[in-house]
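Before any comments, here is the structure.
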Amino acid sequence: FGEPDIDILDSTWICARPAEVAAIVAEPSNWRRWWPRLDLVVDEWRGDKGVRWLVRSSESGTVAGSMELWLQQDLDGVIVHFFLRLDGVDGRPVPRRRVRRIGHRYRTEVKVLFWDIGDQLDPGRLARVSRPRR
């Protein structure tokens, strides 16, 4: 197997217990709100360590693959690792321009999402002063 057409990795540290973040991640209504373009099916529940999904045909039926949020305890918080791996459906590669557009969108959205979770669980933290531009 080669590299997926779209291969995104992001990690963000949040000052909160893994169980607090896991409770937010475990709520299916959040997934639909966070990733409305992705049709997600749970592949593996990992409790306080996160969840892995299969991404069925999404983005207007053009891509499919897998996604994971892995929660790793670190000092007095948790590192939230995001993995999104997508390929074109029916063996068709995703055009480069679309790879860049989809990649930028998910990288930006997931960073904003993680910062929102951090703000919710640790509202006094000053390290998240500037937000990524959409």
When you look at S66, is it in contact with a helix residue (DSSP H, G or I) (Cβ under 8 Å, 6 or more places away or on another chain), among the hydroxyl-bearing types (S, T, Y) and surrounded by fewer than 19 Cβ atoms within 10 Å (Cβ to Cβ), yes or no?
no
Specify the residue that is surrounded by the most Cβ atoms within 10 Å (Cβ to Cβ); the eligible residues are those in the range 34-63 that are outside any strand (DSSP E or B) and of a type outside the set (D, E, K, R).
L38
Checklist (1) out of contact with any His (no Cβ under 8 Å at 6 or more places or on another chain); (2) touching a residue at least 12 places away in the same chain (Cβ under 8 Å); (3) under 25 Å from R100 (Cβ atoms) applied to P36, failing item:
(2)
Quick one: which residue in L71, L121, L75 is out of contact with any Lys or Arg (no Cβ under 7 Å at 6 or more places or on another chain), within 20 Å of N30 (Cβ to Cβ) and either open to solvent by 20 Å² or more (accessible area, probe 1.4 Å) or among the aliphatic types (A, V, I, L, M) (or both)?
L121
Do we find that E3 is among the charged types (D, E, K, R), open to solvent by less than 20 Å² (accessible area, probe 1.4 Å) and over 23 Å from W115 (Cα atoms) in this structure?
no
Give me the residue from the range 78-115 that is aliphatic (A, V, I, L, M), in contact (Cβ under 8 Å) with a residue 60 or more places away in the chain and not in a strand (DSSP E or B) and, out of that set, surrounded by the fewest Cβ atoms within 10 Å (Cβ to Cβ).
V99
Selection from the range 6-31 of residues that are closer than 17 Å to E68 by Cβ, open to solvent by 30 Å² or more (accessible area, probe 1.4 Å) and either outside any strand (DSSP E or B) or among the acidic types (D, E) (or both)
D7, A26, E27, P28
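The values are calculated or read from the model by the stated rules, or taken from the named source; none is laboratory data. What you see is a predicted model; the values in this text were computed from it and never measured. In this analysis, Cβ positions are derived from the backbone assuming ideal geometry, glycine residues included, and neighbour counts consider all displayed protein chains. Calculation scope for accessible area: heavy atoms of the full protein, side chains included, ligands and nucleic acids excluded. Shrake-Rupley method; radii C 1.70, N 1.55, O 1.52, S 1.80 Å.
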